[in-house]
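Peer 1: The structure's right below; bear with me while I get my questions together.
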Amino acid sequence: MIKKIGIWVAIVAACGIAWATQKVFAIPDQTMWIALILIVLGIFGFQVEGRLQAIEERVIRKDYSGILKQLDGDRHVPQHKQPESLVAGGAIASWINPAHEILFDDFRWFGAVMNQHLPDAWAIEELPKTDLRGYEGPEFGRKYRVWYNACEIGTMQVSLGVGGLLKRDKFAENRAARVELDLEYLRFISYRDARGLLYEVALLVGSFAKDDGETSRSKAQAIASDALGAHLWETVRHPEFDPSFEFQVDGPYDLLREIVDHWKAGGIDPMKKWNGDREPA
């Protein structure tokens with residue numbers, strides 16, 4: 001505010017000096033107007049340059065040394081804080097329907113499954129929240145922190161997919177989930193590890209044919225590679241910014257249900273047996 005006042009004071013003073021000079025030296029009005037315009041443009045250009053320098057210092061020259069140290073640090077051990085129910089996690093009871101309850105139950109071991117299959121540096125940690133952001137209003141499901149070694153780089157949330165939203169009354173026969181990732185600092189993570197995270201999400205959430213698993217895996221790889229290629233393109237196209245990474249997958253989560261059913265049949269609770277993390281080597 002003080003800077004803005006100073007700018008206007010400077011403009012008024014310049015106009016006053018110009019007016020006095022014109023009277024003393026009988027300078028033509030046209031010449032004075034040109035001079036005033038040049039002065040105003042000079043002040044404006046100075047301000048723009050100052051703002052650009054500030055952005056450059058804040059974006060291009062941002063110090064990432066602390067982030068890089070965490071990314072190379074020891075792996076975070078997930079400490080899950082699973083909500084006991086949708087309502088306990090903050091969901092509005094009157095807005096919950098059977099589809100939400102089925103999805104909430106189906107994904108109770110999703111974090112553990114992810115930790116079992118991800119590359120070593122990753123860790124997925126469930127949060128006690130069930131109220132999520134949706135496209136058309138509040139949504140309900142499960143939410144997670146995403147860690148890469150000692151660095152918390154984003155969040156992941158599970159909500160009803162497109163099919164589930166359209167057929168809530170028949171969700172048990174037409175299950176559909178939407179998993180959304182919001183990540184920072186992906187530019188500092190190796191392509192192999194970044195693709196590994198997206199591949200597991202796409203594979204677990206998408207459709208999976210038991211008799212043609214290789215095709216399902218190839219499709220998940222293509223989805224992951226395409227998302228990373230698009231992010232790289234935008235990063236190169238706008239090198240002055242460090243864009244966040246957003247990834248979304250909708251599907252019937254066939255493979256996740258298969259793994260959960262297998263654990264149930266074997267009497268395994270991964271949250272108790274492995275604390276929701278990977279199996280000890």
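The values are calculated or read from the model by the stated rules, or taken from the named source; none is laboratory data. All values reported here derive from a predicted model rather than from experimental measurement. Using ideal geometry, Cβ is built from the backbone for each residue, glycine included, and neighbour counts are taken over all protein chains shown. Only protein heavy atoms, including side chains, enter the accessible area calculation; ligands, DNA and RNA are left aside. Shrake-Rupley method; radii C 1.70, N 1.55, O 1.52, S 1.80 Å.
Peer 1: Zone of Asp269 (label point 7 Å along Cα→Cβ, backbone N under 13 Å): which residues in region 99-118?
Peer 2: Of the residues in region 99-118, 109 have backbone N under 13 Å from the label point off Asp269.
Peer 1: Which length gain, in nm to one decimal place, applies between Glu214 and Ile96 when the Cα-Cα distance is subtracted from 0.36 nm times their residue separation?
Peer 2: This chain segment gains 38.8 nm when fully extended.
Peer 1: Keeping every protein chain in place, order Glu258, Glu173, Glu125 by accessible area at 1.4 Å, biggest value first, i.e. largest first.
Peer 2: Result of the area sort, largest leading: Glu173, Glu258, Glu125.
Peer 1: Here's a follow-up. So how much accessible area does Val77 have, in Å² to the nearest 10, using a 1.4 Å probe?
Peer 2: Here the residue's solvent-accessible area equals roughly 80 Å².
Peer 1: Keeping all protein chains in position, work out how much accessible area Phe208 exposes to a 1.4 Å probe, and write it in Å² to the nearest 10.
Peer 2: Phe208 exposes around 30 Å² with every protein chain in place.
Peer 1: At a Förster radius of 22 Å, what calculated FRET efficiency corresponds to the Cβ-Cβ distance of Glu246 and Asp72, to the nearest 0.05?
Peer 2: That pair, Glu246 with Asp72, gives E of 0.35.
Peer 1: Then there's this: Volume per residue, Å³, of the convex hull around the alpha-carbon atoms of region 192-257?
Peer 2: Per-residue hull volume (Cα only) is 76 Å³.
Peer 1: Now a separate question. Jot down the radius of gyration and Dmax of region 110-261, Cα atoms only, both in angstrom.
Peer 2: Values for region 110-261 (Cα only, Rg and Dmax): 15.6, 48 Å.
Peer 1: For region 234-279 and region 200-219, compute the distance between their C-alpha centroids and round to whole Å.
Peer 2: Using only Cα atoms to place each centre, the spacing works out to 13 Å.
Peer 1: Ok, one more. Just how much of Asp269 is accessible, in Å², when a 1.4 Å probe is used and the result is rounded to the nearest 10?
Peer 2: Surface accessible to solvent at Asp269 totals approximately 50 Å².
Peer 1: Once you've got the Cα coordinates, tell me which of Lys69/Lys272; Lys143/Lys219; Lys62/Lys219 are over 30 Å apart.
Peer 2: Lys69/Lys272; Lys62/Lys219
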